1. With (1) away from chain B (no Cβ under 14 Å); (2) farther than 22 Å from A:Q2 by Cα; (3) open to solvent by less than 20 Å² (accessible area, probe 1.4 Å) as the list, and A:S86 as the residue in question, which single condition is left unmet?
2. Looking at region A:97-110, can you tell me whether even one residue there is away from every other protein chain (no Cβ under 11 Å) and open to solvent by less than 40 Å² (accessible area, probe 1.4 Å)?
3. Is at least one residue of region A:50-62 crowded, with 18+ Cβ neighbours inside 10 Å and within 11 Å of chain B (Cβ to nearest Cβ)?
4. So which residues in region B:59-112 are within 13 Å of another protein chain (Cβ to nearest Cβ), farther than 13 Å from B:N31 by Cβ, out of contact with any Pro (no Cβ under 9 Å at 6 or more places or on another chain) and open to solvent by less than 20 Å² (accessible area, probe 1.4 Å)?
5. Which fully enclosed strands (runs of 3 or more DSSP E) of region B:1-50 have 3 or more residues being under 11 Å from the mean Cα position of the chain (by Cα) and surrounded by 13 or more Cβ atoms within 10 Å (Cβ to Cβ)?
6. Restricting to region A:2-49, name every residue that is more than 11 Å from chain B (Cβ to nearest Cβ), of a type in the set (S, T, N, Q) and either open to solvent by 40 Å² or more (accessible area, probe 1.4 Å) or part of a loop (DSSP other than H, G, I, E, B) (or both).
Amino acid sequence: SQTIHQWPATLVQPVGSPLSLECTVEGTSNPNLYWYRQAAGRGLQLLFYSVGIGQISSEVPQNLSASRPQDRQFILSSKKLLLSDSGFYLCAWSCLAVTYEQYFGPGTRLTVT
Amino acid sequence: SQQGEEDPQALSIQEGENATMNCSYKTSINNLQWYRQNSGRGLVHLILIRSNEREKHSGRLRVTLDTSKKSSSLLITASRAADTASYFCATDAYGSARQLTFGSGTQLTVLP
């Protein structure tokens, strides 16, 4: 069966510090991968998606970047965090050859102080 | 911009009652999905309804879709305290099936 991992679960970082959040998927090949951010009490905002290694599409201009160095690994990064980067970050995968459903990881709670 | 908007924003009911949540969207869609999120957790897919379908059932869930009104509803029958969660609709449009646009969600509280 497929599983998706995200770490860390929670993170407190000062303004101006770098960021690296990691997401890995097991049990599937060539998934579509997604990074979302969720503000408190709000819906999800799609930040990046990837349909293959090295292929990244950005949905909104921002202080963040994403990379996909391996087929089942998706990384969200920042060189210098802003206060507005605080939020709940969710990674998801899908396999469009089978279904349009997306499967979500447990999320990372980021607080920028 | 938000494609789907849920209504109400919050709903509180007694165990055993039915809960109905609504979702409106703006553009033509390929399909519409409903997800559930327990507090502080990831989202879990509940049900998908295609644009050519009008109603779909899964256990205690019933979803309807009215493409002429660009709206959908999620009905949870015989609710349980464990149904307490946020519920989101998500749409994907023709030509962009890789991307989902989520609404702002309905917070459902089921009181024991």
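The values are calculated or read from the model by the stated rules, or taken from the named source; none is laboratory data. Worth saying up front: this structure is predicted, and the values here are computed from it rather than measured. Here the Cβ is made from the backbone with ideal geometry for all residues, glycine too, and neighbour counts use every protein chain on show. In case anyone asks, the SASA skips ligands and DNA or RNA and just uses the protein heavy atoms, side chains included. Shrake-Rupley method; radii C 1.70, N 1.55, O 1.52, S 1.80 Å.
1. (3)
2. Looking for residues that are away from every other protein chain (no Cβ under 11 Å) and open to solvent by less than 40 Å² (accessible area, probe 1.4 Å), one finds at least one in region A:97-110, hence yes.
3. Within region A:50-62, one or more residues are crowded, with 18+ Cβ neighbours inside 10 Å and within 11 Å of chain B (Cβ to nearest Cβ).
4. B:Y87, B:F88, B:F102, B:G103, B:G105
5. Numbers: elements: B:5-7, B:10-14, B:19-24, B:31-37, B:43-50.
Ranges flagged: B:5-7, B:19-24, B:31-37, B:43-50.
6. Residues satisfying the conditions are A:Q2, A:T3, A:Q13, A:S17, A:S20, A:T28, A:S29, A:N30.
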